[in-house]
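The values are calculated or read from the model by the stated rules, or taken from the named source; none is laboratory data. Since the structure is predicted, the reported quantities are computational estimates derived from the model, not experimental observations. Cβ sites come from the backbone with ideal geometry, for glycine too, and all protein chains shown count toward neighbours. Accessible surface is based on the protein model in full, side chains and every heavy atom, while ligands, DNA and RNA are left aside. Shrake-Rupley method; radii C 1.70, N 1.55, O 1.52, S 1.80 Å.
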Amino acid sequence: QTGAGKTYTMLGYDGPRGGGGAEYGLLPRTTGALFRAIRERSTGSLRDVVRASFIEIYNEQAADLIGDGGGELKIQEDKLKNVYVAGARQEIVCSAEEVSALLDLGLRRRQTGFTGSNENSSRSHAVFILTVDSTDSERHVTKTSQLYCCDLAGSEKIDKTITSSMTAAEARKVMKEGQNINTSLLALGNVIAALAKSGKKASLTLSLCLSVSL
């Protein structure tokens with residue numbers, strides 16, 4: 001539901017830099033813990049490189065929130081069946097503060113707007129991707145890990161979204177956004193239901209994923 005606190009849960013009070021302490025959201029806490037762990041094991045032959053990407057899905061189209069633009073991004077699959085976003089900018093980050101700066105940039109570009117349900121409604125699904133390449137120079141091995149942090153737009157009823165103060169063009173725009181948001185959330189719900197029915201192993205994996213993303 002729109003206005004339920006999804007963005008607050010992910011980012012905390014007043015975005016990634018605001019609040020502090022108990023007001024930090026999931027993403028600032030995660031990046032802080034990540035870089036503390038990297039500093040603690042930075043000696044020896046192990047070297048970690050962290051890259052960050054930030055995209056949004058708005059009206060069923062993916063766009064780069066920290067890149068220079070250039071049209072719709074494509075979601076593709078490589079030979080190993082790994083899903084990736086082709087063309088999304090990947091920025092090397094060395095601290096939680098640098099991650100916060102990228103989040104600030106992307107959030108300023110994210111599609112938001114006023115509706116009858118929420119005065120600052122997220123009109124897109126935002127996905128922040130952290131990629132960690134860990135290289136052991138003695139063993140000549142590199143391992144790659146990824147964390148996807150999703151801040152979903154909220155579902156909403158059209159009759160509560162459109163206000164009498166909107167022009168006809170604004171009402172059509174808000175209605176199209178709401179329809180696409182609700183359609184994608186329905187698809188996500190169907191995927192979760194299918195995974196939950198497919199066996200204990202899938203359900204366990206799903207539970208672990210939801211504990212991170214929600």
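In this view, the solvent-accessible surface of I158, computed with a 1.4 Å probe and all protein chains in place, comes to about 50 Å².
Of K6/K173; K176/K197; K79/K197; K6/K157, which ones are farther than 25 Å apart at the Cα? The pairs that break the limit, which is 25 Å between Cα atoms, are K176/K197; K79/K197.
With the highest mean first, a sort of the peptides 47-56, 128-137 on other beta-carbon atoms found within 10 angstrom per residue produces 47-56, 128-137. Normalised by 2.2 N^0.38 Å, where N is the number of residues, the alpha-carbon radius of gyration of the range 72-159 equals 1.43. Modelled this way, with points 7 Å down the Cα-to-C-beta line, the labels at R51 and E72 are 2.4 nm from one another.
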